[in-house]
Amino acid sequence: MQHDRIVAEPNCDDDYDANSLTCDEALVRILDAVRPVSGIEALAIRTSLGRVIAVPVVSAINVPSHVNSAMDGFAVRAQDLPPSGQKKLQVIGTAFAGQPYREQVGENQAIRIMTGAVVPSETNVVIMQEHAQTTDDGFVIIDDRHKAGQNVRAVGEDITAGTEILHRGHLIGPADLGLIASLGIAEVEVYRKARVAFFSTGDELRGIGETLELGQIYDSNRYTLHGMLARLGVEIIDLGVVRDERDAVRSALIEAAAGADMVITSGGVSVGEADYIKGVLKEIGEVRFWKVAMKPGRPLSYGAIDKAAFFGLPGNPVSVMVTFYQFVQPCLMKIMGAKPRPQILLKAKAANTLKKRPGRVEYQRGILTRGDSGEFVVQTEADQGSGILSSMSNANCFVVLSMDSGQIEPGALVDVQPFFGIM
Ligand code: AMP
Ligand code: MG
């Protein structure tokens, strides 16, 4: 692939850099370079939650498969409905859901019917019980407000036999489990899980349980990455912490790429450290270091080792999360075989001043609430430093400030990317 604006030495200090890629351009290049996994497996319905449809699900049956009642009430013949006033019909039996009434329903007759029960073929109206009055001697009195077909669910009203219900690339959610079950289908064919291997780099990193010496910190990125990847339902291969040493990084990358569809590292991409990662990657794969016009998150390295896509994320914990959600997640979704999801951006009123300089997109951490008159209001976290992980923990959205925007004053409308939907 040809890239016109590759810059070898990323620099985090400058705000505007003509050599930077926009976030949109970076995402296009990232997505262009990957293909969905090819493996397919058949799974029982329940275990398919969160997986991606590889072979479309086609219904072999009509749903519903029989004409049935949408209400508890009385099934009658349309020709027996009174054009005006009231009419008395004889109640000759009852149909329950799963227990049809099997006799004929004749002229001026009705049956009591429950929701979901088969509507006898002679009848074509269900009168809800709240609109009917029964008598002690076995009759029902109805009036003139009803019409043919009311409260009757037709065969195939929900799904017609032969219809493709779930398309290739559909991410299976809770409703889909029920939908597949409603077709009487036991198994669904999905793409195999994507495998993602990752490790942290840094001589200062220690594991939980170790005592910290001066200048050392606990490795948190592997835990955050674990959480973000677990939500996507991928197979997680955690390769631990690797020292800032060329050979160690080299063998870790080779090991990671061997069994994975994607390799992610964090740290080691700042100017002082970048050279050896870049050097190693040049030897064993293909690598592009980009300055992306975003904050936090620069620089971002991307490429491939063998068949695995490679992301070198920055070391700062917030940068890891921002670059993951903006780039790694969409890329992984494509590898998983899933159709791209539309990005949901809401407009919210800024509750405070947002410091910002033009020249890059910023993803600030915010707390989104509903104001008194129902409008969305967003308050940003006070400390927007890329090392402040608690700002991500407290936040429930990114405030996305466009390339051109400068400082935002309170009351102005800004774009907000919420962290959670309901499913
Ligand atoms: P680097 O990109 O390696 O220069 O790291 C940038 C900053 O992120 C430094 O303050 C590192 O100590 C910190 N950092 C790097 N990796 C991790 C990690 N796995 N967990 C927590 N902080 C990290
Ligand atoms: Mg480092």
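Some points to look at:
- Residue match in segment 187-195 (condition: open to solvent by 70 Å² or more (accessible area, probe 1.4 Å), in contact with a helix residue (DSSP H, G or I) (Cβ under 8 Å, 6 or more places away or on another chain) and either more than 16 Å from ligand 2 (Cβ to nearest atom) or part of a strand (DSSP E or B) (or both)): yes
Let's see how each residue does on (1) crowded, with 21+ Cβ neighbours inside 10 Å; (2) over 30 Å from residue 233 (Cα atoms); (3) in contact (Cβ under 8 Å) with a residue 24 or more places away in the chain:
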| position | (1), (2), (3) |
| --- | --- |
| 61 | no, yes, yes |
| 83 | no, yes, yes |
| 95 | yes, yes, yes |
| 104 | no, yes, no |
| 111 | yes, yes, yes |
| 121 | no, yes, yes |
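- Restricting attention to segment 25-51, the residues that are over 19 Å from residue 339 (Cα atoms) and either of a type in the set (Lys, Arg) or under 19 Å from the mean Cα position of the chain (by Cα) (or both) total 3.
- Taking segment 83-170 as the region of interest, the strands (runs of 3 or more DSSP E) fully inside it that hold 1 or more residues being farther than 15 Å from residue 69 by Cβ, acidic (Asp, Glu) and touching a strand residue (DSSP E or B) at 6+ places or on another chain (Cβ under 7 Å) are 164-166.
- Some residue of segment 164-175 being surrounded by 15 or more Cβ atoms within 10 Å (Cβ to Cβ) and more than 24 Å from the chain's Cα centre (by Cα): no
- Verdict on residue 371 being within 16 Å of ligand 2 (Cβ to nearest atom) and either open to solvent by less than 50 Å² (accessible area, probe 1.4 Å) or touching a residue at least 60 places away in the same chain (Cβ under 8 Å) (or both): no
- Strands (runs of 3 or more DSSP E) lying entirely in segment 236-345 (those with 2 or more residues that are within 16 Å of ligand 2 (Cβ to nearest atom)): 262-266, 300-305, 308-313
- All conditions but one from (1) at pLDDT 95 or above; (2) more than 10 Å from ligand 1 (Cβ to nearest atom) apply to residue 219; the one that does not is (2).
- Candidates 337, 312, 303 - the one that is without any contact (Cβ under 8 Å) to a residue 24 or more places away in the chain and either over 22 Å from the mean Cα position of the chain (by Cα) or more than 16 Å from ligand 1 (Cβ to nearest atom) (or both): 303
The values are calculated or read from the model by the stated rules, or taken from the named source; none is laboratory data. Bear in mind the structure is a predicted one, so any value in this text is a computation, not a measurement. All Cβ positions, even for glycine, are placed from backbone atoms using ideal geometry, and neighbour counts span all protein chains on display. Calculation scope for accessible area: heavy atoms of the full protein, side chains included, ligands and nucleic acids excluded. Shrake-Rupley method; radii C 1.70, N 1.55, O 1.52, S 1.80 Å.
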